[in-house]
Structures are given as C-alpha cells and as structure tokens.
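K.L.:
Just dropping this structure here.
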Amino acid sequence: GGGTSWVVLLSLFSSCAVEAWKVWRLLRPTLTVKFPFVKVRQLQSTKERETAEYDRIAFRYLAIVLYPLVIIWSLYALKQYEYKSWYSWLISNLANAVYTFGFISMCPQLYVNYRLKSVAHLPWKVFMYKIFNTFVDDAFAWLIEMPWKHRLMTLRDDVVFVIFLIQVYLYRV
C-alpha cells in the first residue's frame, strides 16, 4: 500500500544494512556483563579525536538550525495544507524529519574535510560507494514513480556530493 515501489523499499533497506555494517566496523562492539552490556572501541589517535570533535560540532549546529525548521514547517503545513487525516499529516512530516536527519548526517563530513583541509582520511572504497550510491538514487528517483518529496531529497544528496567532489579537487592527497 501507499504507492511505494518495492524497488525503492529494497534500496532503502539495503542502504540501512550498509550503514549498520559501517557503524559495526567502526565501533567494534563487544558484549559485556556490566550495564549497558555493550562496549565500543574508543578513539585512540589525536587525529581520530580531532575528527570526531569536528563531526560533533557540525552535527550539533546543523541540528540546532534544521530541527526547529522541521517543526515550524510541520505546523505551517498543518495550518496551510489539507490532509486526509492526522495520520497522513504525521507520516508526511515524519518523512520530512527523516530526510532532514539524512542531510544532517551527510554534512559533517564536509565540515571535517574543510577543517582538516584534506580528504586523505577517506578510503577510496568509500568514495566509489558514494559515487555509485548517488547515481543509483538519482536513477531510481527520476525513472520510477515516487513522491515528489523523495525526488527533491535525491537532489539534496547531489548538492552534498558535488561539494564533496570540489573538496576532493581542492584538497588533493
């Protein structure tokens, strides 16, 4: 139901699986007997700590600006647009929140690259994955029938990707 293509759902679930795998590889969680029952790898080098701090700064400032905008937009939409039910308004605005979180989670890497004046810390496998993922998302968004909002969000990814390509050019290894 809802008019969502199975291809789109498969793409989203596979993206979630890849992101979970990347987090698992980075944090290397192990089970413990003490609460919270999971221990994650601590950042060891000063470069890792510096990168994590830049990442935290960028995430915090983007969240401070964009989350209130999502709330304001949802209240504006409730007043200005007509929805079939409260449920459709809620789903639409939860989708806005998810898209905003996606944007917020992509942009800190750009800030880290800017502060370090380098993209050397990024493996080329990740770069190739970003190219492939951006291309596939664009192809699905514009070739398969889906909501206009999702199509616009793929363009948001393209803007971030173009900025990333500019950084790769400027901060050559």
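K.L.:
With N denoting the number of residues in region 61-139, provide Rg(C-alpha) divided by 2.2 N^0.38 Å, to two decimal places.
P.N.:
Working: Rg = 17.1 Å, N = 79, 2.2 N^0.38 = 11.6 Å.
Normalised Cα radius of gyration, region 61-139: 1.48.
K.L.:
Taking Cα atoms, how many degrees apart are the long axis of helix 46-80 and the longest axis of the chain, rounded to 10 and kept between 0 and 90?
P.N.:
Orientation of helix 46-80: about 10 degrees from the principal axis.
K.L.:
Ok, one more. Add +1 for every Lys or Arg and -1 for every Asp or Glu among the other residues with Cβ under 13 Å from the Cβ of Ser118, and state the total.
P.N.:
Working: positive: Lys47, Arg115, Lys117, Arg172; negative: Glu50.
Value of the local net charge: +3.
K.L.:
Another question, then. Of Lys39, Lys84, Lys22, Lys79, which has the most accessible area and how do the rest follow, probe 1.4 Å? If you can, show how the numbers build up before the last one.
P.N.:
Details: Lys39 125, Lys84 205, Lys22 70, Lys79 165 Å².
Listed by decreasing accessible area, they come as Lys84, Lys79, Lys39, Lys22.
K.L.:
Another question, then. Scale the Cα Rg of region 1-139 by the rule-of-thumb value 2.2 N^0.38 Å and send over the ratio, two decimals.
P.N.:
Working: Rg = 18.8 Å, N = 139, 2.2 N^0.38 = 14.3 Å.
Dividing the Cα radius of gyration by 2.2 N^0.38 Å gives 1.31.
K.L.:
With only alpha-carbon atoms in the gyration tensor, what are the semi-axes of the equivalent ellipsoid for region 93-173, in Å, largest first?
P.N.:
On the way: eigenvalues 131, 44, 17 Å².
Here the semi-axes work out to 26, 15, 9 Å.
K.L.:
Distance check, please: which entries in Lys84/Lys149; Lys117/Lys149; Lys47/Lys125; Lys22/Lys149 exceed 25 angstrom between their Cα atoms? Working shown, then result.
P.N.:
Details: Lys84/Lys149 18 Å; Lys117/Lys149 34 Å; Lys47/Lys125 20 Å; Lys22/Lys149 27 Å.
In this structure, Lys117/Lys149; Lys22/Lys149 lie more than 25 Å apart at Cα.
K.L.:
While we're looking at this one, here's another question. For Met128, Met146, write out the residues from largest to smallest accessible area, computed with a 1.4 angstrom probe and no ligands counted. Don't jump to the answer; show the numbers that get you there.
P.N.:
On the way: Met128 105, Met146 25 Å².
Of Met128, Met146, the descending order of accessible area is Met128, Met146.
K.L.:
Which order do the peptides 132-141, 12-21 come out in when sorted by mean C-beta neighbours inside 10 angstrom, highest first? Show your work: numbers first, answer last.
P.N.:
On the way: 132-141: 15.9, 12-21: 11.3.
Ranked by mean Cβ neighbours within 10 Å, highest first: 132-141, 12-21.
The values are calculated or read from the model by the stated rules, or taken from the named source; none is laboratory data. Keep in mind the model is a prediction, meaning the values are calculated, not measured. As a convention, Cβ positions derive from the backbone with ideal geometry for all residues, glycine included, and neighbour counts pool all protein chains shown. When the accessible area is computed, the model is the full protein with side chains, heavy atoms only, and any ligands, DNA or RNA have been set aside. Shrake-Rupley method; radii C 1.70, N 1.55, O 1.52, S 1.80 Å.
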